[in-house]
Ligand SMILES: Cc1cc2nc3c(=O)[nH]c(=O)nc-3n(C[C@H](O)[C@H](O)[C@H](O)COP(=O)(O)OP(=O)(O)OC[C@H]3O[C@@H](n4cnc5c(N)ncnc54)[C@H](O)[C@@H]3O)c2cc1C
Ligand code: SF4
Ligand code: FES
C-alpha cells in the first residue's frame, strides 16, 4: 500500500506564478464517522496526511479512502464544483469538498469534516437526499405555459433573461438548505434551495405558473418561515444570492407582481 | 434479489438518458436506473454550447453543418447519421427552449449563437455562428431543463442503482435483450429489471486516463456490460484530447476561451500555434492543437521547471469581457490554481475528453451485434454509443446535440418497440454473474489494491496511447494492461459491508476500465494510419485505401476460458461527401 509520504515525490510540483513555494505539510482530518452496520453511535476519527495544501479537501478524502481506510464513504463525481455531490460541513461551514483548498481553511489545526445537517445521515458523509429533492419537486420546477406552442422559440429580451439569471446557476447541492437553522428545527420547511428554484421560474417572463407556485410557497411551511439569517447565501458554492431570491419571492407574494 | 418488470428501462440519467426518458415515459411504462442522482451527471459540466443551424444571427443551413461534421470527423463519420444530426438539430434546440432552457438571447429576443472550432459557412469558407449557448454553462442548463421536464412528466427514477450486467436470451437463434441487473448502493441489494427494451445512456469512459476532463464516475460501465456479453464495440481507438485542460488536474477550460481571443504560449512567450496552423492559429481543430502543444513540450519549450505544460494567455483581454463571457472558467483558475487570469497566464495541457467510439447503433439507436444485425430490444445513445456521427474526431458542440437528437430517437424507438413486443424470458439465474462478482470482491483477501492498479493504468494510458502513439508505445500499453488485468484478479477491498459500499463499486468500475482500455489499445495498434484523434507517429498519414472503415472489437472466450479480442471492420456510410485532405 502506498503511503501518503511516498506520493510526495512525484506530485510535488514546481512553484507556479501566483503561488508561494509551498512544501508538503502534515494535516489532521477529523472526520465524523457513522456506519449503522458497525455501530449505532457516530464518532470522530482522526487521520493524518502529508499533503500539498493546494489540494482540495476532496483530494484528501480520496487519499484517506484509497490509502488508509477504504470504508470512508462520501459522494463525489465531477471534482470541480459543478455536479453538487459533495456538500459537507468542513470546519463547521457548509462547502463543497471539491471546491475547498486545504490551504484556505487553516490546516495548522485539525480540519473537521462531517455530514451536512438536517438530513438523515446514512453512512459517514452521505445523507438521505430524498426530502431535499421532494421539496424541490413540490414547487413545480418546470416551465408552465398555456395556449398553442409557437413554431419557433419563444422570444425573450436579454433584460428579461437577466432577471432570473442568478437562480439558474443552482446545482442542487443542498449546502444552503442544510445550513438553515429553520430547516434544522423543522424539516417540513421547503428550505432555500426549493425557493431558489421556484424563483427561477416565477421570474421567467415565459412562465405562466407563477401564481400556483406562490400559493405553494405561501403555505405555513413556505417562504414566511425564512428568518433572513443569510447562512444560505454564505454557503452557496455557486455564489447565488439566495437570501435576496427569497426576499424577492416574499415581495412578489405581497404585491402579486413578478 | 428483487425482480422488477418494465416496458422500457433506461440506463443513465445524463442528457441522453433523460431526453430518452421524456419520450419513453409518454409511450410506455419506463424506469430510469442511474448510478448518480440525475442532476449529478457529467452533462452538467459541458460549457461551450450546442450546435444547430438556426441562422438566427447569420446565414446558415443544416447542409453546411453536415459537411463540417463529416470533415471534422476526418471522413470516418457515417454521413447518413451526420445528416440526421444536423437536420434535427434545429428542432432539438427549439424543443429545449420550449421546455424552458434559458438560452442567451439576441437583441431581438431569439436564441443567440456564437462561433466554435470547425463550424463554418459554405463548406469551410469562414467561421459561422452556430453554437446555441447559455453563458459558459450550457450543459448545466440542458441537464437541469431535462430533469425539470422529467419531474413534469413523472419519470420514475431508481437513483444510485448501478447497472452491472446486460441480460441476453437467445430466441429461435436470435439474440434478444431480456433486461439488466443492477446493484443498489444504499442497501447492497441486487435487482433484476426485466424489460422489453433497454436503452444504454451511461456516458463515457475517460477515467482510464490520468489527466482528464471526465468525472470520477465516467468508467464505461455500459460499454463494458454489453462487451462482456459478446457484443462489439466500435472505433474505441478514437478518443479526443482537448487542448486546454488545467495543468495536472485536467479540468476543462472551454474552447470559447480561445474563441474570445485567448492565445497559447510556450516558455519563451511565443505564440506557437502560428507555426502549426498559420490560418486558424489557436482555433485550429482540437487534435491539431493538442499535438502542437505536445510538440512544444517535447522539444523543450514547455513551461515550468519540468517543462510539462504551456500557457493559455487571457491577460490581454478586458476583465469585463472575461467576467461576461467566461465567468465559470476564470473562477476555476482562481479557485484551483490561485491564479488571477486578468494578470497571469493559466498553465494548461491537453486533457482526455471524449470517447468517439462506443456501442455501435444504427440511426434509430438500435444496437448492432455485428456490422448489420440489430439486437431486438437493445438501444444506446449519447457518449456511450457510436452512431457514428463523430467519426475520428468530434466537433465542439456536437455532443450536446448528439445526446438530444439520438436520445430522443432512441426513446421513441424503444418505447414503440416495447408497445408491441413481448417480454423475453430471463436467462436462468439472471443475477448470477453480478452476485458472484460482488461476493468474490467482498470476500477477497488478495494483496492488490484498487488504487494502485488504477494509478498504473492511468499512467500507462497517458504515457502510451494519448496524443502521440507508435507501435512501440501501444504495445507497451497492451502489455501493461494485460499485467494489470492479471493483478486485478487478486484485488481486495477493505469495506465488506452492504450499505453504501463505494469501495466495492470502485473495484468493479476499475474492472470495466481495464476491459475498455485493452480494447482501445488493441484497436489502436491495428489502425496503422493517422486520422482525427488517433495519431500514429509511425504512420503519420491518413490511409483511405486500407483504413476508411470502422473498427469492430469483439470479446472472444476460448474453450479453455482464455479471453482475447477479435477485430473486424465495418464500411463507412458515404452519401454526398468524398474524402478530401483536412486543412484548417
Ligand atoms: C468538461 C466537459 C465539457 C464539455 N463541453 C461540451 C460542449 O460545450 N458541447 C458539447 O457538445 N459537448 C461537450 N462535452 C461533451 C458532452 O458534455 C458529453 O459527451 C455528454 O454530455 C454526454 O452525455 P451522456 O448523457 O451521454 O452522459 P452523461 O451525462 O455522462 O451521463 C451518464 C449517466 O449514466 C449514468 N451511469 C453511468 N454508469 C452507470 C451504471 N453502471 N448504472 C447506471 N447508471 C449509470 C450516470 O449516473 C449518468 O446519469 C463536454 C464534456 C466535458 C467532460
Ligand atoms: S442555491 Fe446554492 S447552495 Fe443552494 S442548492 Fe443551489 S447551488 Fe447549492
Ligand atoms: S464533486 Fe461535483 S460538486 Fe464536488
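A few comments on the model shown:
- Converting the Cα gyration tensor eigenvalues of the protein assembly as shown into ellipsoid dimensions via √(5λ) gives semi-axes, longest first, of 35, 32, 31 Å.
- Whole-Å distance, taken between Cα centres, linking the range B:79-136 and the range B:142-166: 25 Å
- In terms of surrounding Cβ atoms within a 10 Å radius of their Cβ, B:580, B:356, B:99 rank from fewest to most as B:580, B:99, B:356.
- Within the protein assembly as shown, helix-based [θ] at 222 nm, where runs of 4 or more DSSP H residues each add -39,500 (n - 2.57), nearest 500: -10000 deg cm²/dmol
- Which of B:515, A:69 has the fewest Cβ neighbours within 10 Å, and the rest in rising order: A:69, B:515
- Reported to the nearest whole Å, the Cα centre-to-centre distance from the range B:227-260 to the range B:12-36 is 25.
- Pairs of Cα atoms nearer than 8 Å and 6+ residues apart set the relative contact order; for chain B it is 21 percent.
- The range B:1-108 shape via C-alpha gyration tensor axes, a/c threshold 1.5: prolate
- Centroid-to-centroid separation of the range B:499-544 and the range A:216-258 [C-alpha atoms, Å]: 49 Å
- Compared with the dominant principal axis of the Cα atoms in chain B, helix B:138-153 is inclined by about 40°.
- Crossing angle, helix B:79-99 versus chain B [Cα axis fit, 0-90 degrees, rounded to tens]: 90 degrees
- Taking every C-alpha pair closer than 8 Å and separated by at least 6 residues, the mean separation divided by the residue count of chain A gives a relative contact order of 16 percent.
- Shielding of A:164-171 by partner chains, average beta-carbon count, 10 Å: 4
- By the count of neighbouring beta-carbon atoms within 10 Å, fewest first, B:236, B:50 end up ordered B:236, B:50.
- Short-range pairs are left out: with C-alpha atoms under 8 Å and at least six residues apart, the relative contact order of the range A:25-127 is 34 percent.
- Helix B:286-298 axis, angle to chain B major axis (alpha carbon atoms, nearest 10°): 70 degrees
- 10 Å Cβ neighbours from other chains, averaged over peptide B:94-104: 5
Quick note: the coordinates plus some simple rules give every number you see, no bench work behind them. Note that the structure is a prediction, hence the values are computed from the model and not measured. Here the Cβ is made from the backbone with ideal geometry for all residues, glycine too, and neighbour counts use every protein chain on show.
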